[in-house]
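*Asks:* Let me give you the structure first, and then I'll get to my questions.
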Amino acid sequence: MFYNLIGDQSMNNERIVFHIDVNNAFLSWTAVKLLNEGSRVDIRKIPSVIGGDESKRHGVVLAKSPVAKKMGIKTGDTLYSARKKCKNIKVFPCYRQFYKEKSKELFSYLSKLSPDIEIFSVDECFIEMTNTNYLYSDYLALGYKIKDEIYRKFGYTVNVGIANNKLCAKMASDFEKPNKVHTLYNEEVKSKMWPLEIGKLFMIGGKSAEKLKSLGINTIGDLANTDINVLTKYFKNQAPIMIKHANGIDNSKVITEYSGNKCISVSETFERDIADKNILKKIMFHQVKKVAYLLRKQNVYTTTVAITFKNYDFKTYTRQIKLDTPTDSTNDIYEKIVLLFEKEWDGKKLRNIGVRLSNFTTVRNEQLDFFNSGNQIRNNSIDKIIDSINSKYGSDSVILASLNDDIASNDAYK
DNA sequence: TCTGGGGTCCTAGGACCC
DNA sequence: TCTGGGGTCCTAGGACCC
């Protein structure tokens, strides 16, 4: 029997957090979709990846099968390099909308276990299990039950991490994959986490791992036992949190309430580099429409707008501007975006362009410009009317012909 | 046919004020 | 003849996450 009763933590009063992570989410979900559609091949069992469309210059690996992983293929690799590592790799497209539906379906099932659930990404969540002992007497057994039931109900596997805090739950679910349940209780940190290579620690990415290794810190245990004063010299304010993490300490709460985004952005990589100003402006206009709509949906106003662009040579720039008056108007935002663009763009070919809104506020604190107040009010109501029509009939049902005839009427970019 | 997209958070440095 | 220093706000860039 796989229920390990020795591992049962239900008798003490410690906090219990679960982390649930879909194994190779995009690939697993695609596998389920294809099988449901009658395919005889389970793409999880062959060398396969989910990748973007190379003809649109989106050619990166977004998820990989276990076989592909064994051949050295990593998420973020170019499809070109994935093929180099594995000649007969099968590449499947990315069905984002479908993944969103699968994600929703999973979390609504998990919400029944405990209302204290934090959706951490499209395929991961934390569940606060503290104070549910009266319902679940054996957490490890429960972990297996959840995992197996997800497989039975939905046809894909997950990893479950069980620990006394979020960090350790996340580290635990990342141990051996797929289709596994792991615990990482406080007393297990030394034996299970300390031997791991430093880059495995949450929030230690490639750059930090490299720097730590150059200091002779090679494992999580090394980091846990590093003098904080030494580490602070190299990592400033990050040092204390790094050492805490390495010791399995984390007091962060499971956040159940969605509190809105801190920023909203869109960006687009073009099929071919573009140096045509009118086309670039049209693209930005459509992007502004999108972010402004999302902003209004959150019922907030932005005080900072930014453009981001990437040159043909991959150098990226961001240019931002703080607004005197918070706004949620498509027109206002577009005006600022164009201003920034005209000022900063040197006319060279661009590979990618995007817009970003940040520093939101709920209060308008509006000082209506005396001469333009009529226009402002008119634009605001136009935005709202367009939002309601677009949310009913699709995002491009109505185009702001009144706003900018040139852009709205020209369909060079759609 | 080389290198996506959407987020959060931190830091360094400049401008400006007292 | 000598150019301090603390605080705040803002921008640009980068690290990291999925």
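*Asks:* State yes or no: is A:ALA306 more than 13 Å from DNA strand C (Cβ to nearest atom) and modelled with pLDDT of 95 or more?
*Replies:* No; evaluated as a whole, the condition is false for this residue.
*Asks:* Using the structure shown, decide if A:SER137 is of a type in the set (S, T, N, Q), out of contact with any helix residue (DSSP H, G or I) (no Cβ under 7 Å at 6 or more places or on another chain), under 30 Å from A:LEU62 (Cα atoms) and surrounded by fewer than 19 Cβ atoms within 10 Å (Cβ to Cβ).
*Replies:* The answer is no for A:SER137.
*Asks:* Please go through segment A:48-93 and give me each residue that is closer than 20 Å to A:VAL158 by Cβ and of a type outside the set (A, V, I, L, M), ordered by number.
*Replies:* Selection gives A:SER48, A:LYS64, A:SER65, A:PRO66, A:LYS69, A:THR75.
*Asks:* For segment A:216-237, indicate whether the set of residues that are within 15 Å of DNA strand C (Cβ to nearest atom), within 30 Å of A:ALA68 (Cα to Cα) and within 26 Å of the chain's Cα centre (by Cα) is non-empty.
*Replies:* Checked against the condition, which is being within 15 Å of DNA strand C (Cβ to nearest atom), within 30 Å of A:ALA68 (Cα to Cα) and within 26 Å of the chain's Cα centre (by Cα), segment A:216-237 yields at least one hit.
*Asks:* Confirm whether A:TYR134 is modelled with pLDDT of 95 or more and away from DNA strand C (no atom under 16 Å from the Cβ).
*Replies:* no
*Asks:* Consider segment A:339-350. How many of its residues are part of a helix (DSSP H, G or I) and touching a strand residue (DSSP E or B) at 6+ places or on another chain (Cβ under 9 Å)?
*Replies:* Summing the residues that are part of a helix (DSSP H, G or I) and touching a strand residue (DSSP E or B) at 6+ places or on another chain (Cβ under 9 Å) in segment A:339-350 gives 5.
*Asks:* Looking for something within 16 Å of DNA strand C (Cβ to nearest atom), within 20 Å of A:HIS19 (Cβ to Cβ) and of a type in the set (A, V, I, L, M, F, W, C) - is there at least one such residue anywhere in segment A:177-184?
*Replies:* So far as segment A:177-184 goes, yes, one or more of its residues are within 16 Å of DNA strand C (Cβ to nearest atom), within 20 Å of A:HIS19 (Cβ to Cβ) and of a type in the set (A, V, I, L, M, F, W, C).
*Asks:* Is it the case, given these coordinates, that A:LEU142 is exposed (fewer than 14 other Cβ atoms within 10 Å of the Cβ) and not in a strand (DSSP E or B)?
*Replies:* Answer is no for this residue.
*Asks:* Can I ask one more? Can you tell me which residues in segment A:317-352 are within 8 Å of DNA strand C (Cβ to nearest atom) and exposed (fewer than 12 other Cβ atoms within 10 Å of the Cβ)?
*Replies:* A:LYS322 - this is the single residue of segment A:317-352 that is within 8 Å of DNA strand C (Cβ to nearest atom) and exposed (fewer than 12 other Cβ atoms within 10 Å of the Cβ).
*Asks:* Now for a separate question. Checking the structure you have, find out if any residue of segment A:315-326 is closer than 22 Å to A:ASN380 by Cα, hydroxyl-bearing (Ser, Thr, Tyr) and modelled with pLDDT of 95 or more.
*Replies:* There is no residue in segment A:315-326 that is closer than 22 Å to A:ASN380 by Cα, hydroxyl-bearing (Ser, Thr, Tyr) and modelled with pLDDT of 95 or more.
*Asks:* Okay, next question. Filter segment A:143-202 for residues that are over 22 Å from the mean Cα position of the chain (by Cα) and of a type in the set (Asp, Glu) and give the result.
*Replies:* A:ASP148, A:GLU149, A:GLU176, A:GLU187, A:GLU188, A:GLU197
The values are calculated or read from the model by the stated rules, or taken from the named source; none is laboratory data. This is a predicted model, so every value here is computed, not measured. Every residue, glycine among them, receives a Cβ derived from its backbone with ideal geometry; neighbour counts consider all protein chains shown.
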